[in-house]
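Undergrad: One structure coming up, written as structure tokens, with questions to follow.
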Amino acid sequence: MFNSASSSSSRLGALPKFALGTVAVIVLISLINPVRVVQSGTRGVITTFGKVDPEPLGEGLHFVIPMVNRVHMIDVRLQKNEGKGVAASRDLQQVSVSAALNWRLDPALVAQTYQSIGNEHAVAVRVIEPAAQESTKAIAAQYTAEELVTKRTEVSTKIRDALEQRLKRHGVIVDSLAAVNYDFSAVFDKAIEAKVEAEQKKLTAERDLERIKVEAEQALAKARGEAESLKAKRLEITPELLRLKQLENEADAIKKWDGRLPQYTGAGTPFIQMNSGAGKQ
């Protein structure tokens, strides 16, 4: 019994040693492994005892010197940073600006970027965010609060161009600046609403005035037309025309007469009715 227990205890004691040995072998293999694989969308930055090699590794399989070279994988795919900051407009209105910037690291310059700043996460914190804040404040100060809204596209383009100038020296490529929004104070929002309402009322009044003017011109044109027509009709009525109309009326009366003379009694001499049968005996 005691021998069996002693044997089991020996086996249990040997297991940790075996596990440690396995781990040590794996670590040793990883350290002396000369093969490095650079995944799609990344670049490998080689350091030799801390010194950065200016030529990054492209996608694919590469061989390095174990224990001497170290490969740092840098993501060169499109990145997105969203931020919000406070700026002042040209008319000294405080405005809160929020935007989303799409950017990526220049694959050919990742070694220099890593050497001066770090990986893509360090670039986002140390370079992208401060540059976005400074560029937004500088451009916003060139416009009034109202112009920031009415000229949104122009403002966004200028902010993007300013960011591009600031970031290209760090090996950062600006892809697009999207979703630029502004939030103003409640007092300013009410002032804008009042101005918009006044502009709408003014536009409505101008349209009504134009409509009344057009209707008045149409009525005047109609009156002029009727006056011209009446004048023309008056010019057509001449003495000769009246005499001709009289003759036409008399001719119509003759056509309608049945040949009988009118009969009447009264103080004057009566007409004698002629009987066609009176001369016959």
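The values are calculated or read from the model by the stated rules, or taken from the named source; none is laboratory data. Just so you know, these numbers come straight off a predicted model, no measurement behind them. As a convention, Cβ positions derive from the backbone with ideal geometry for all residues, glycine included, and neighbour counts pool all protein chains shown. Surface areas here come from the heavy atoms of the whole protein model, side chains and all, with no ligands, DNA or RNA. Shrake-Rupley method; radii C 1.70, N 1.55, O 1.52, S 1.80 Å.
Undergrad: Which of the residues spanning region 109-121 are part of a helix (DSSP H, G or I) and either surrounded by 14 or more Cβ atoms within 10 Å (Cβ to Cβ) or touching a Phe, Trp or Tyr at 6+ places or on another chain (Cβ under 9 Å) (or both)?
TA: Listed by number, the residues that qualify are Leu109, Val110, Ala111, Gln112, Thr113, Tyr114, Gln115, Ser116, Glu120.
Undergrad: Moving on to the next point. Within region 127-155, which residues are open to solvent by less than 20 Å² (accessible area, probe 1.4 Å) and part of a helix (DSSP H, G or I)?
TA: Hits for region 127-155 are Val127, Ile128, Ala131, Ser135, Ile139, Ala140, Ala145, Leu148, Val155.
Undergrad: Counting just the residues of region 173-208 that are of a type in the set (Val, Ile, Thr) and over 18 Å from Ala138 (Cβ atoms), which one comes out modelled with the highest pLDDT?
TA: Ile173
Undergrad: Also: Tell me whether region 104-122 contains one or more residues that are hydroxyl-bearing (Ser, Thr, Tyr) and either without any contact (Cβ under 8 Å) to a residue 40 or more places away in the chain or out of contact with any strand residue (DSSP E or B) (no Cβ under 9 Å at 6 or more places or on another chain) (or both).
TA: yes
Undergrad: While we're looking at this one, here's another question. Please work out which residue is farthest from Lys158 (Cα to Cα), limiting yourself to region 169-202 and to residues that are open to solvent by less than 80 Å² (accessible area, probe 1.4 Å), part of a helix (DSSP H, G or I) and among the aliphatic types (A, V, I, L, M).
TA: Per the stated criteria, the residue is Ala198.
Undergrad: A further question on this structure: Kindly list, by first and then second residue, each pair from a residue in region 192-215 that is free of Cβ contacts under 8 Å to residues at least 60 places away in the same chain to a residue that is part of a helix (DSSP H, G or I) and of a type outside the set (Val, Ile, Thr), limited to pairs with Cβ atoms under 9 Å and residues at least 6 apart or on different chains.
TA: Listed pairs, sorted by first residue: Ile192/Ala145; Ile192/Glu146; Lys195/Glu146.
Undergrad: Could we say that Ala124 is farther than 17 Å from Arg77 by Cα, surrounded by fewer than 21 Cβ atoms within 10 Å (Cβ to Cβ) and hydrophobic (A, V, I, L, M, F, W, C) here?
TA: Taking the combined requirement at face value, the residue does not satisfy it.
Undergrad: Can you pull out every residue in region 45-104 that is open to solvent by 60 Å² or more (accessible area, probe 1.4 Å) and not in a loop (DSSP other than H, G, I, E, B)?
TA: Lys51, Leu61, Phe63, Arg70, Met73, Lys80, Glu82, Lys84, Val86, Gln94, Arg104
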